[in-house]
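Have a look at the structure below before the remarks.
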Amino acid sequence: MKSLSVPKKIAMINDIAGYGRCSTTVAIPVISAMKVQVCPIPTSIFSNHTGFPIHFMEDLTEQMPGYLKKWEELNLHFDGIYCGFLGCVRQAEIVADFICKQKQDHSRPSPSVLIDPVMGDHGKAYRTVTKDHCQSMGKLIRYADIITPNMTEVCLLTDTAYKPSGWSRQELSDMAAKLHDMGPGQIVMTGIFEHGLFTNIISEKKPSGSVELSFVSLPSAGPSRHGTGDIFASILAADAVKGTPLPRSVKRAASFISACIQGSIELNIPEEDGVCLENFLSLLMED
């Protein structure tokens with residue numbers, strides 16, 4: 001029998017969608033399966049994700065400072081911070097303040113910070129994402145160790161014209177360099193689909209200042225589904241606090257999502273219901 005160890009803790013900042021397998025409802029089981037404790041900071045509550053024709057939503061921006069103030073009074077500290085969807089500029093400011101306070105506690109190791117700059121997809125910003133929102137996200141990622149933007153978000157952050165495919169290595173390298181200049185040392189650009197393959201591009205800034213790109217590609221398992229980006233970022237966040245090298249973590253995340261998509265197709269799970277990750281969580285329990 002393996003000896004037990006105290007789980008690492010991640011403060012996870014995201015919305016809660018009651019139905020549709022995304023955001024907090026996928027992050028908690030995924031990160032927990034990887035033997036890491038999840039401590040949620042809800043940014044808003046949705047009855048279901050916005051891919052459905054209707055939804056209920058309650059914004060929690062005004063509640064966030066008081067929520068985090070109690071954590072501060074309890075002197076709580078986290079091994080990692082994972083930030084997903086933020087609904088407004090004010091939320092980005094609140095998150096930046098929380099990260100700074102966690103990093104300023106020099107009596108404890110600085111937390112690993114992963115930010116998924118959720119702003120758009122398929123070449124367009126989400127309807128709630130304004131120019132000010134994009135600018136605030138650009139300021140927020142300066143506090144990140146890892147960011148996981150899709151190509152739409154890469155373009156929004158770097159002010160680059162979007163195209164669905166045909167990115168050259170030089171273009172990818174140039175965009176990665178711009179993102180590194182904004183703060184994060186590790187970047188995973190997600191969701192490039194070409195020649196039947198889904199490719200994630202890893203960019204790591206070396207101590208010398210040089211940027212090194214690597215690529216993780218897998219055959220397409222089927223159309224992308226709601227919540228897969230949240231699952232991807234959750235796996236990377238859990239691996240980060242455990243010290244797993246980023247390329248290995250990206251391969252794990254891509255393989256897990258591929259298995260979930262294949263299983264969902266076999267079970268005829270509706271696209272808006274996300275992926276049936278429940279059937280595959282055991283894959284994440286293997287160290």
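The values are calculated or read from the model by the stated rules, or taken from the named source; none is laboratory data. Values in this document were obtained by computation on a predicted structure and should not be read as measured data. Cβ placement follows ideal geometry from the backbone for every residue including glycine, while neighbour counts extend to all protein chains displayed.
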**Asked** Name the pairs whose Cβ atoms lie under 9 Å apart, with the first residue in the stretch 137-148 and charged (D, E, K, R), the second assigned to a helix (DSSP H, G or I), and 6 or more positions between them or separate chains?
**Response** K139/A92; K139/E93; K139/A96; R142/A96; D145/A240
**Request:** May I ask you to list the residues in the stretch 238-275 that are within 20 Å of the chain's Cα centre (by Cα), assigned to a loop (DSSP other than H, G, I, E, B) and free of Cβ contacts under 8 Å to residues at least 60 places away in the same chain?
**Result:** G243, T244, P245
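Specify the residue that is modelled with the highest pLDDT; the eligible residues are those in the stretch 195-210 that are on the phi < 0 side of the Ramachandran plot and surrounded by fewer than 17 Cβ atoms within 10 Å (Cβ to Cβ). Explain how you work it out, then say what you get.
Taking the stretch 195-210 and keeping what is on the phi < 0 side of the Ramachandran plot, we get 197-208, 210.
Then drop every residue that is not surrounded by fewer than 17 Cβ atoms within 10 Å (Cβ to Cβ), which leaves 197, 206-208, 210.
Working: L197: 86, K206: 82, P207: 82, S208: 80, S210: 79.
Per the stated criteria, the residue is L197.
Looking for whichever is among the β-branched types (V, I, T), assigned to a strand (DSSP E or B) and either closer than 19 Å to V36 by Cα or at pLDDT below 95 (or both) here; the options are I192, I235, I187. Which one fits?
Values: I235 fails: assigned to a strand (DSSP E or B); I187 fails: either closer than 19 Å to V36 by Cα or at pLDDT below 95 (or both).
Answer to the selection: I192.
Just to verify a result, which residue in the stretch 26-53, among those that are β-branched (V, I, T) and within 18 Å of S224 (Cβ to Cβ), is surrounded by the most Cβ atoms within 10 Å (Cβ to Cβ)?
Taking the stretch 26-53 as the starting set, the residues that turn out to be β-branched (V, I, T) are 26, 28, 30-31, 36, 38, 41, 43, 45, 50.
Restricting the remaining residues to those that are within 18 Å of S224 (Cβ to Cβ) gives 26, 30, 50.
Numbers: V26: 27, V30: 25, T50: 17.
Among those residues, the one meeting the criterion is V26.
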**Item:** Options K8, K35; residue that is of a type in the set (D, E, K, R) and under 12 Å from G80 (Cα atoms)
**Value:** K8
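Any residue that is in a strand (DSSP E or B) and within 22 Å of D121 (Cβ to Cβ) - is there at least one of those in the stretch 202-214? Don't jump to the end; show me each part of the working.
Initially, the stretch 202-214 is screened for residues in a strand (DSSP E or B), giving 202-205, 211-214.
Retained after the next criterion (residues that are within 22 Å of D121 (Cβ to Cβ)): 202-203.
Among the residues of the stretch 202-214, at least one is in a strand (DSSP E or B) and within 22 Å of D121 (Cβ to Cβ), which makes the answer yes.
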**Request:** Collect the residues in the stretch 76-87 that are of a type outside the set (D, E, K, R) and either closer than 19 Å to I28 by Cβ or modelled with pLDDT under 95 (or both), keeping them in residue-number order.
**Result:** L76, F78, G80, I81, Y82, C83, G84, F85, L86, G87
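Hey, among the residues in the stretch 5-20 that are buried (at least 20 other Cβ atoms within 10 Å of the Cβ) and in contact with a strand residue (DSSP E or B) (Cβ under 6 Å, 6 or more places away or on another chain), which one's farthest from S44 (Cα to Cα)?
Our first condition is that a residue be buried (at least 20 other Cβ atoms within 10 Å of the Cβ); within the stretch 5-20, this holds for 8, 10-15, 17, 20.
Now drop any that are not in contact with a strand residue (DSSP E or B) (Cβ under 6 Å, 6 or more places away or on another chain), which leaves 8, 10-13, 15, 17.
Details: K8: 25, I10: 19, A11: 16, M12: 13, I13: 10, D15: 5, A17: 9 Å.
For the stretch 5-20, the residue satisfying everything is K8.
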**Asked** Pick from A144, A125: which is more than 16 Å from the chain's Cα centre (by Cα) and of a type in the set (G, A, S)?
**Response** A125
**Asked** Scanning the stretch 78-98 for residues that are in contact (Cβ under 8 Å) with a residue 60 or more places away in the chain and more than 23 Å from G20 (Cβ to Cβ), which turns out nearest to the chain's Cα centre (by Cα)?
**Response** I81
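Mind listing just one residue for me: the one in the stretch 89-117 that is at pLDDT 95 or above and in a loop (DSSP other than H, G, I, E, B) and, of those, surrounded by the most Cβ atoms within 10 Å (Cβ to Cβ)?
First, pick out the residues of the stretch 89-117 that are at pLDDT 95 or above: 89-102, 111-117.
Those still in the list that are in a loop (DSSP other than H, G, I, E, B) too: 111, 116-117.
Details: P111: 23, D116: 28, P117: 26.
Selected residue: D116.
Is it the case that L68 is at pLDDT 95 or above, crowded, with 16+ Cβ neighbours inside 10 Å and more than 20 Å from the chain's Cα centre (by Cα)?
On the way: at pLDDT 95 or above: yes; crowded, with 16+ Cβ neighbours inside 10 Å: yes; more than 20 Å from the chain's Cα centre (by Cα): yes.
Considered against the rule, which asks whether it is at pLDDT 95 or above, crowded, with 16+ Cβ neighbours inside 10 Å and more than 20 Å from the chain's Cα centre (by Cα), L68 comes out as yes.
Identify, please: which residue in the stretch 156-180 is out of contact with any strand residue (DSSP E or B) (no Cβ under 9 Å at 6 or more places or on another chain) and in a helix (DSSP H, G or I) and is, among those, surrounded by the fewest Cβ atoms within 10 Å (Cβ to Cβ)? Explain how you work it out, then say what you get.
Within the stretch 156-180, the subset out of contact with any strand residue (DSSP E or B) (no Cβ under 9 Å at 6 or more places or on another chain) is 158-161, 163, 168, 170-171, 174, 178.
Then drop every residue that is not in a helix (DSSP H, G or I), which leaves 158, 170-171, 174, 178.
Details: T158: 17, Q170: 8, E171: 12, D174: 13, K178: 14.
In this case the residue turns out to be Q170.
Quick grid of which residues meet (1) more than 17 Å from P184 (Cα to Cα); (2) surrounded by fewer than 18 Cβ atoms within 10 Å (Cβ to Cβ); (3) touching a helix residue (DSSP H, G or I) at 6+ places or on another chain (Cβ under 9 Å):
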{"site": "H226", "(1), (2), (3)": "yes, no, yes"}
{"site": "A237", "(1), (2), (3)": "no, no, yes"}
{"site": "A259", "(1), (2), (3)": "yes, yes, yes"}
{"site": "L267", "(1), (2), (3)": "yes, yes, yes"}
{"site": "L277", "(1), (2), (3)": "yes, no, yes"}
{"site": "L281", "(1), (2), (3)": "yes, yes, yes"}
**Fill in**
Residue pairs within 7 Å by beta carbon, gap of at least six or interchain, first lying in the stretch 99-127 and within 24 Å of V250 (Cα to Cα), second of a type in the set (F, W, Y) and assigned to a strand (DSSP E or B), listed first then second, are L114/Y82
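Just wondering, is there one or more residues in the stretch 165-178 that are touching a Gly at 6+ places or on another chain (Cβ under 7 Å) and more than 15 Å from S214 (Cα to Cα)? Outline the logic, then answer.
Initial filter on the stretch 165-178 (touching a Gly at 6+ places or on another chain (Cβ under 7 Å)): none.
No.
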